[in-house]
Amino acid sequence: MKLPFFFLFLFSIFSHSQYSTSAIVLDSSDNAPLEFVGIYNSKDHTMSNADGRFQFSSSSDSVIVYRVGYDKLITTSQKVKDTIYLNKSVLELNEVTVTNKKKLWQKVRDSIESNYPTYPYQEKFLLRGVLRYNGEITRIQDIQGKLERRTLLYTKEIDPDKKDFKVELTNMRKVGLVKDEKQVYFIFETFYQLFMNFTPMNATGDAFDLTESTFENGNKINLSFHTKPEFDNEEVKGHYIINTENNAIERIYMTFNYKNNPYKEDGGTRYRTVTIEKEISLSKSSKNNKYHIASAKYDVKVELTDEQQSYTSYYDVSFILTTSDNEGDFDVKKNVSTSKDLFKINYPYDESYWNAQNQLLLTDEMVDFIEKVQDPNSEFKIRSNIKN
């Protein structure tokens, strides 16, 4: 049977139709913008920026809006309003106990092979780096590319190696000040350092006090950890979210507070790390039921001064990573060093790609910064691949 051309034409249009929506996500209790909210379905994924804004396009109409610590919203693109309010989840605090860490952690350890890829695989990624000097943005860098990992997790049988990551850069935009008012250049992380910092780690040893609480009708465990009081120079705290059905870690959040960290010296500049904050969310792939990093955030605050301590300044650097097409069937052709300062990497700017990119929107503050520093009359030296 031959179908009419008009019918085939209509079928082609509808089979490739895209549902698109944009909105802002707010905390229902105080109307504060929520960053790092996942907006996704079985086909596509994006996240909200620091303004709480997102744009989501997919061939599927279904939409899930979720951030750990908040109730999950399941809806459709057509029902999404301009503003989405999320309610904080309530832990079943009556079930808080001092955990039997060995028993629980052994279950997690025994399930590593079934839950996570401990073998080489490919994925696509978007990485955003933002640097602030005394609260003001001084650098923005967005990198899109392909990544080949040797493994997601490191075990007793797998030790880290400098060659564990291979990166093919496919798009990049960067703009920022080369040095601050004190002529200090802030060194960005390398790909290797960042990907290692985004690797899930164990914080359940003898140095930690642990408590646990259940939520989602007992399907999830919130395993909280905090360094014991005797470790007064370095405070580490946070939590794991563990799925009780398969013993998989689905989220890791941790902060490091250094109370009397010694200064390091570089010329006349003295600097030290004040805080580190990490957040890693993992999601299960429908391809093979393995968990991969869906998104991750890594924030560091560094204090600067001089030998006379005549001033005190602060750098805040934040990196956000999102991944897609985990264990995809594509080649990764290495075209960039994984041991080079990210901000010193050169790659041409593709205006059409970044105008269409919606995986992580620029905030209003970022747009204003890019316009301001692109001014040819700027008094500071600028490093950028964006052409006016």
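Dipole check for the range 193-347: with +1 at the C-beta of Lys and Arg, -1 at the C-beta of Asp and Glu, and the Cα centre as origin, the magnitude is about 440 Debye. The fraction of all Cα pairs in the range 297-368 landing in successive 5 Å bins from 0 to the largest distance is 3, 8, 10, 18, 23, 15, 10, 6, 4, 3, 1, 0, given as whole percents.
Is the range 166-283 rounded, prolate or oblate when judged by the Cα gyration tensor, a ≥ b ≥ c being the square roots of its eigenvalues, rounded requiring a/c under 1.5 and prolate requiring a/b larger than b/c?
oblate
Label positions at LYS103 and TYR119, each projected 7 Å from the Cα along the C-beta direction, are separated by 3.4 nm.
Solvent exposure of the range 148-295, expressed per residue, is 47 Å² of accessible area, with all protein chains present and a 1.4 angstrom probe. Select from ASN197, LEU131, PHE256 the residue farthest towards the positive end of the dipole of the chain; place +1 on Cβ of Lys and Arg, -1 on Cβ of Asp and Glu, and compute about the Cα centre. With unit charges placed on the Cβ atoms, the residue in question is ASN197. Report the paramagnetic label zone for ASN219: residues of the range 225-253 whose backbone N is under 16 Å from a point 7 Å from Cα along the Cα-to-Cβ axis. Residues 241-251 fall inside that zone. Calculated [222 nm] ellipticity per residue, helices only, for the chain: -3500 deg cm²/dmol; basis is -39500 (n - 2.57) per DSSP H run with n ≥ 4, divided by all residues, nearest 500.
Assign unit charges at the C-beta atoms only (+1 for Lys and Arg, -1 for Asp and Glu), then state the dipole size of the range 127-174 relative to its Cα centre in Debye, rounded to the nearest 20.
Here the range 127-174 has a charge dipole of around 160 debye.
The range 234-302 and the range 26-45 have Cα centres lying 20 Å from one another. Label point of GLU277 set 7 angstrom out along Cα-Cβ; within the range 36-60, amide nitrogens under 20 Å from it belong to 36-39, 47-54. Between ASN358 and THR75, what FRET efficiency comes out of the Förster formula 1/(1 + (r/R0)^6) with R0 = 25 Å and r the beta carbon distance, rounded to 0.05? Efficiency for this residue pair is about 0.85. With all projection directions averaged, the alpha carbon convex hull of the range 234-294 covers 6.1 nm². Taking the inverse of the mean reciprocal distance over all distinct Cα pairs, the Kirkwood hydrodynamic radius of the range 245-363 comes to 18.4 Å. Computed on the chain, with alpha-carbon pairs under 8 angstrom and 6+ residues apart, the relative contact order is 18 percent.
The accessible surface of the chain, taken with every protein chain in place and a 1.4 Å probe, is 48 percent carbon and sulfur.
Rounded if a/c is under 1.5, else prolate if a/b beats b/c, else oblate: with a ≥ b ≥ c from the C-alpha gyration tensor eigenvalues square-rooted, which is the range 26-163? Verdict is oblate for the range 26-163. The mean sequence separation of alpha-carbon pairs under 8 Å and at least six residues apart, normalised by the residue count of the range 111-239, gives a relative contact order of 16 percent. Eigen-decomposition of the gyration tensor built on the alpha-carbon atoms of the range 204-266 gives equivalent ellipsoid semi-axes of 30, 13, 8 angstrom, largest listed first. Solvent-free Debye calculation, one equal scatterer per alpha-carbon of the chain: log10 I(q)/I(0) at 0.10, 0.14 Å⁻¹ equals -0.75, -1.46.
The values are calculated or read from the model by the stated rules, or taken from the named source; none is laboratory data. Note that the structure is predicted; figures quoted are calculated from it, not measured. Please note: Cβ atoms are built from the backbone with ideal geometry, for glycine as well, and neighbour counts cover all protein chains shown. SASA here: full protein model, heavy atoms, side chains in, ligands and nucleic acids out. Shrake-Rupley method; radii C 1.70, N 1.55, O 1.52, S 1.80 Å.
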